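Only one structure is covered here, and it is reproduced in the block below.
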Amino acid sequence: MRLADKVALITGAGSGIGRASALRFALEGARVVVVDWKPDGGRETVARIQADGGQALFVAADVSQEADVQRMVATAVEMYGRLDILFNNAAIQVFGTIPETPTSDWDQVLDVNLKGVYLGCKYAIPRMIAQEAAVS
């Protein structure tokens, strides 16, 4: 169990690569914070982890929203006492040509795919540094 005693927060874990990663992290011993903006998918991932004997909790969050990101990181620390791994996996895509794509759709892609990664790091990294300093 390579991730025993570790806490992993995975965004976009309600489906696809995020779900597969959450399942694998749990199999490797991590306690997993499953984050997704779609509650059904997130809860299904948690149920699958728990059915396999792992520990997980679901946090509904939109990674493009700063308050949601602050809350997901704070929840991980409150529930599990630490945060060791942040996997900024959440992403969206729009289909169509550039002339067809509304600017609002493009802004949403940038907010989720880029700003979401920035916000995840902005709030998770200080928690990780602080817990390492407390151990040293």
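The values are calculated or read from the model by the stated rules, or taken from the named source; none is laboratory data. No experiment lies behind these values; they were computed from the predicted model shown. Reconstructed Cβ throughout: ideal geometry from the backbone, glycine too, with neighbour counts over all protein chains shown.
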Checklist entry - Do we have VAL69 as within 12 Å of the chain's Cα centre (by Cα) and at pLDDT 95 or above here? => result yes
Item to check | The listed residue being under 17 Å from LYS115 (Cβ atoms) and part of a strand (DSSP E or B), out of VAL35, VAL94, VAL59, VAL69 | outcome: VAL35
Item to check | Top-ranked residue in the stretch 32-63 [being more than 18 Å from GLY16 (Cβ to Cβ) and not aliphatic (A, V, I, L, M); ranked as nearest to the chain's Cα centre (by Cα)] | outcome: GLN55
Next on the checklist: Name the single residue that is nearest to TRP37 (Cα to Cα) among those in the stretch 64-90 being touching a strand residue (DSSP E or B) at 6+ places or on another chain (Cβ under 9 Å) and among the small types (Gly, Ala, Ser).
Outcome noted: ALA90
Next on the checklist: I'm trying to understand the selection: among the residues of the stretch 40-56, which are in a helix (DSSP H, G or I), in contact (Cβ under 8 Å) with a residue 12 or more places away in the chain and of a type outside the set (Val, Ile, Thr)?
Outcome noted: ASP40, GLY41, GLY42, ARG43, GLU44, ARG48
Next on the checklist: Cβ-Cβ under 7 Å, sequence separation 6+ or interchain: first residue in the stretch 60-80 and under 18 Å from ARG31 (Cα atoms) and without any contact (Cβ under 8 Å) to a residue 40 or more places away in the chain, partner in a loop (DSSP other than H, G, I, E, B) and not β-branched (Val, Ile, Thr). Which pairs?
Outcome noted: ALA60/TRP37; ARG71/ALA61
Checklist outcome for this item: Considering the stretch 26-43, residues that are touching a Phe, Trp or Tyr at 6+ places or on another chain (Cβ under 8 Å) and of a type outside the set (Val, Ile, Thr), and then whichever is surrounded by the most Cβ atoms within 10 Å (Cβ to Cβ), we arrive at ASP36
Checklist entry - Do you know which residues across the stretch 44-70 are surrounded by fewer than 16 Cβ atoms within 10 Å (Cβ to Cβ) and charged (D, E, K, R)? => result ASP52, GLU66
Item to check | Unique residue being under 13 Å from the mean Cα position of the chain (by Cα), farther than 13 Å from ALA8 by Cβ and at pLDDT 95 or above when the list is THR103, THR75, THR97 | outcome: THR75
